[in-house]
Amino acid sequence: MTTETKTTYRMVASGPAVPAREVERAEQAVEVVVMWGDSPLHVAHLSPSQPFYVGEEGEDGGAPDWLIGAETLGYQSLPVVLAGPSGPEVVVPEGANLIVTIDGQTRGLAELDDAGLLSPSTAVHGARCYALPATAVANVEHDGFTFVVRPTAAGKRVGMGLSQVIATMDRTPLRYIGGALAFFATMLAMTYFLPPSGAIVGIQDINTDSRLVDYLVTAEEFVDEAEPEWIDEQAGDEGGDGQRAADDEGQMGDEESPVTGDRSGIEGPEDNEDVHMARTISTETVERAGILGVLSSLSGAVNQPTSPFGRETAIGRDEYSALGAIMGDNIGNNFGFGGLGLTGTGHGGGGDGRGTYGLDRLGTIGRGAGCRGDDCGDGYGDSVGLENRRRPNRVPRLIPGRPETLGALSSEAIRRVIHRHRNEVRHCYEQELISQPDLEGRVTVQFIISGSGAVQGSQVLAGRTNLGSNEVSTCVASAVRRWPFPQPENGGVVSVTYPFMFTSGS
């Protein structure tokens, strides 16, 4: 004979029971336990007392409190307990068994029925109801399921304060987080207190009322120096004076020619009294006459200064014609911007003369030089020249180059901005001349102009720079980054490559 051993498991208390006042309230509730055999499937506390349904549908066709298939339960919806007028009522479906334990005494379904404690149920056809006393525990057994119903005290919500959370949490992650925050805070503070590089120091952000700005913009006091006596002794008749040409001043010379130091010339006989320039070839002339007409109308105006107010032909008193500077030792081509003055990027001489060029106010063509006898030289002061006794020019020079642009900004607009800031570039060069008097060469800077006109960045092109001074190159590139340019069309960016030529003048 074989004896079947049944093993059950239950939780064993590992400490004293918790006082009821700490986990329970004074209000009454109903506890419902759904079991399959001896295994609990679900536990519910109904507070306040309310119906509990199992099956596939709940009260009024809603969702059930615990889902059990209708083919297993035998009902589409079955209430386990209902809220009656005097308290909770246990529903005993047809064919189910009821066992009630009150104060340790157990009573079955037949005994309860004989005692008249069961009443027909209005919720389920054929079922009966039992009003559950406060100290009773009811077990309804139906098709393998056991529904345990008993009144109990309502439970308390167990909360935990912030101090309890902090006291019980693991502090190890907090140590790593705090250490990382302290490290990054220290690095941020070091970056904040780090002094800026000297290459980015400027006065743009200094208040205009600052005494430093007032000192920087104040002109030096003019000292009136007496002229040497030998100037008056050597002064001869004025000669070679010419009136400044009209329109914005621009450097005389050819943009395609290298820097040579030669001056311009207009071919003609030495005793010519009617020196005049040819007229500048206009767009209208080209459109009207065509290329052959233009070539035939040049009449000696090739490779020489021209003026919008000139004549049809040009005739001077030089051995041959050349497009050089306004002043120089010899006649020949020289670098310039096609103007009629000393500096600038315009097309005139900065005066009001028509068909003239020079540095004085006489309505003629000349170079503002003086003469002694038949010898004329590049003079200074009151149009005085010396007989082959010129002072050597030892002033450091910055010779502007030809910009290479890529974008919607003209070369002329870029030249104008660079011309306005040429003293900053010259300062970089002259500072280094103190330690290197023979320093000469070229610095080529490439920079990007943003859509707002600001310079986004600049760099020195080492392959196109031969000055041999990193200090000057760095200083020039830093100066370019501070210059404001006109805004390019359509807000695009412009790439510019610009060469700066430096000569010491020695």
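In the stretch 71-89, what count of residues is obtained for those that are among the aromatic types (Phe, Trp, Tyr) and in contact with a His (Cβ under 8 Å, 6 or more places away or on another chain)?
The initial filter retains those residues of the stretch 71-89 that are among the aromatic types (Phe, Trp, Tyr), namely 75.
Then drop every residue that is not in contact with a His (Cβ under 8 Å, 6 or more places away or on another chain), which leaves none.
Within the stretch 71-89, residues that are among the aromatic types (Phe, Trp, Tyr) and in contact with a His (Cβ under 8 Å, 6 or more places away or on another chain) number 0.
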Long-range neighbours under 7 Å by Cβ, at least six apart or interchain, first residue touching a residue at least 24 places away in the same chain (Cβ under 8 Å) within the stretch 320-333, second basic (Lys, Arg) and part of a loop (DSSP other than H, G, I, E, B): 326/367; 327/367
Does residue 109 fit the bill of being under 16 Å from residue 34 (Cβ atoms) and not β-branched (Val, Ile, Thr)? no
What do you reckon, is residue 420 among the basic types (Lys, Arg), modelled with pLDDT under 75 and exposed (fewer than 13 other Cβ atoms within 10 Å of the Cβ)? no
When you scan the stretch 487-506, how many residues do you find that are surrounded by fewer than 20 Cβ atoms within 10 Å (Cβ to Cβ), over 20 Å from the mean Cα position of the chain (by Cα) and of a type outside the set (A, V, I, L, M, F, W, C)? 7
Can we say residue 59 is modelled with pLDDT under 85 and either surrounded by fewer than 17 Cβ atoms within 10 Å (Cβ to Cβ) or assigned by TED's automatic domain parsing to the domain that holds residue 121 (or both)? yes
What tally of residues in the stretch 3-34 results from selecting those that are small (Gly, Ala, Ser), modelled with pLDDT of 80 or more and surrounded by 10 or more Cβ atoms within 10 Å (Cβ to Cβ)? 1
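So, residue 443, is that one without any contact (Cβ under 8 Å) to a residue 24 or more places away in the chain and not acidic (Asp, Glu) or not? Write out each step before concluding.
On the way: without any contact (Cβ under 8 Å) to a residue 24 or more places away in the chain: no; not acidic (Asp, Glu): yes.
In short, no.
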Looking at the stretch 162-217, what helices (runs of 4 or more DSSP H) fall wholly within it and have at least 2 residues that are at pLDDT below 55 and not assigned by TED's automatic domain parsing to the domain that holds residue 479? 211-217
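The values are calculated or read from the model by the stated rules, or taken from the named source; none is laboratory data. All figures in this text were calculated on a predicted structure; none of them were measured in a lab. Counting neighbours? That spans all protein chains shown, and the Cβs are built from the backbone with ideal geometry, glycine included.
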